[in-house]
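> Quick one: structure below, then a few questions.
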Amino acid sequence: MSNTPHELAEEFPEHVKKIHDLKMNDGHFSRLFDEYHDVNKSIHRAETNIEPTDDVHMEDMRKKRMRLKDEIYGMLSA
């Protein structure tokens, strides 16, 4: 599991420095970052059948990841 797809640095390569700065200095961003990382890791584990899940739960996790990503992008582009 060393290469988990959809990591934020890969999704927003032009914002890597800002991601780091916000993670260090903005508590809300840091919590969003951690939550995104956790749900993304869970999706990856389900997709690779390490921890299989049903389709409904997978869809819910993907929607949550999308909402978090949208909110994170909003903070990065502000």
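The values are calculated or read from the model by the stated rules, or taken from the named source; none is laboratory data. Note that the coordinates shown come from a computational prediction; the quantities given were computed from them, not determined experimentally. Note that each Cβ is placed from the backbone with ideal geometry, even for glycine, and that neighbours are counted across all protein chains shown. Just so you know, the surface numbers come from the protein's heavy atoms only, side chains and all, with ligands and any DNA or RNA stripped out. Shrake-Rupley method; radii C 1.70, N 1.55, O 1.52, S 1.80 Å.
> First measure r as the distance between the Cβ atoms of D21 and E71, then evaluate 1/(1 + (r/R0)^6) with R0 = 25 Å and state the FRET efficiency to the nearest 0.05.
On the way: r = 17 Å, r/R0 = 0.68.
Once rounded, the FRET efficiency stands at 0.90.
> Given just the C-alpha atoms of the chain, how large is their convex hull per residue in cubic angstrom?
Cα-based convex hull of the chain, divided per residue, equals 83 Å³.
> Compute from the Cα atoms of the range 25-69 the Rg and the Dmax, the latter being the longest Cα-Cα distance, and quote both in angstrom.
Rg then Dmax for the range 25-69, in Å: 11.5, 37.
> List, in order, the whole-Hz ³J(HN,Hα) value for each residue of the range 16-33 obtained from phi through the Karplus relation with A = 6.51, B = -1.76, C = 1.60 and θ = phi - 60°; use x for Gly and Pro.
For the range 16-33, the Karplus-derived couplings read 4, 5, 5, 4, 4, 4, 5, 4, 7, 10, 10, x, 5, 4, 4, 5, 4, 4 Hz, x marking Gly and Pro.
> Give the separation of the Cα centroids, the range 42-78 to the range 3-31, in Å.
About 15 Å separates the Cα centre of the range 42-78 from the one of the range 3-31.
> Further question: Contact order normalised by length for the chain, with contacts defined as Cα pairs under 8 Å and 6 or more residues apart; what percent is it?
Details: 41 pairs, mean separation 24.9, N = 78.
That works out to 32 percent.
> So how strong a dipole does the chain carry about its Cα centre when Lys and Arg Cβ are +1 and Asp and Glu Cβ are -1, to the nearest 20 debye?
Numbers: 12 positive and 17 negative charges, 41 e Å.
Charge dipole of the chain: 200 debye, to the nearest 20.
> Right, something else. Leaving ligands, DNA and RNA out of it, work out the accessible area of H20 with a 1.4 Å probe and give it in Å² to the nearest 10.
Taking all protein chains as shown, H20 has close to 110 Å².
> Still on this structure, I have one more. For the chain: lysine pairs with Cα atoms under 15 Å, gap of 8 or more or different chains, count? Don't skip to the answer; put the middle values down first.
Numbers: K18/K69; K23/K69; K41/K63; K41/K64; K41/K69.
Qualifying lysine pairs in the chain: 5.
> Calculated from DSSP H runs of 4 or more alone, at -39500 (n - 2.57) each and per residue, what is the 222 nm mean residue ellipticity of the chain, nearest 500? All intermediate terms of the calculation are to be shown ahead of the outcome.
Working: 4 runs with 58 residues, N = 78.
Helices in the chain give a 222 nm mean residue ellipticity of -24000 deg cm²/dmol.
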